[in-house]
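A.B. asks: The structure's right below; bear with me while I get my questions together.
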Amino acid sequence: MPEVVAELVAEIGPLWHERRRAALSSRPRQRAVGAGAKHKLVFIDRLLATLVHLRHGATHDVLAC
């Protein structure tokens, strides 16, 4: 299982970061630098939470724990 996650991170990670950077730079800034949501999950944590959610159909309450 760790090998599968490592492959997903290696394959999807750079694409996700590039798409995120493009989305942020394609529109004018609406808030000051540093304003807005402070995400506490890094990319790998988001990927694992997504996989758990898709696999088990977990609710948001379970993922929050």
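A.B. asks: Just checking, which of Val62, Val4, Val9 is among the β-branched types (Val, Ile, Thr), surrounded by 10 or more Cβ atoms within 10 Å (Cβ to Cβ), at pLDDT 80 or above and assigned to a helix (DSSP H, G or I)? Spell out how you get there, then give the answer.
C.D. replies: Values: Val62 fails: at pLDDT 80 or above; Val4 fails: surrounded by 10 or more Cβ atoms within 10 Å (Cβ to Cβ).
Checking each option against the conditions leaves just Val9.
A.B. asks: Residues being surrounded by 10 or more Cβ atoms within 10 Å (Cβ to Cβ) and either more than 15 Å from Arg46 (Cα to Cα) or more than 13 Å from the chain's Cα centre (by Cα) (or both): count how many of those fall in the range 12-24.
C.D. replies: Initial filter on the range 12-24 (surrounded by 10 or more Cβ atoms within 10 Å (Cβ to Cβ)): 12-14, 16-21.
Imposing the further condition that a residue be either more than 15 Å from Arg46 (Cα to Cα) or more than 13 Å from the chain's Cα centre (by Cα) (or both) reduces the set to 18-19, 21.
Of the residues in the range 12-24, 3 are surrounded by 10 or more Cβ atoms within 10 Å (Cβ to Cβ) and either more than 15 Å from Arg46 (Cα to Cα) or more than 13 Å from the chain's Cα centre (by Cα) (or both).
The values are calculated or read from the model by the stated rules, or taken from the named source; none is laboratory data. Keep in mind that what you see is a predicted model, and the values were worked out from it rather than measured. Positions of Cβ are backbone-derived with ideal geometry, glycine not excepted, and every protein chain shown enters the neighbour counts.
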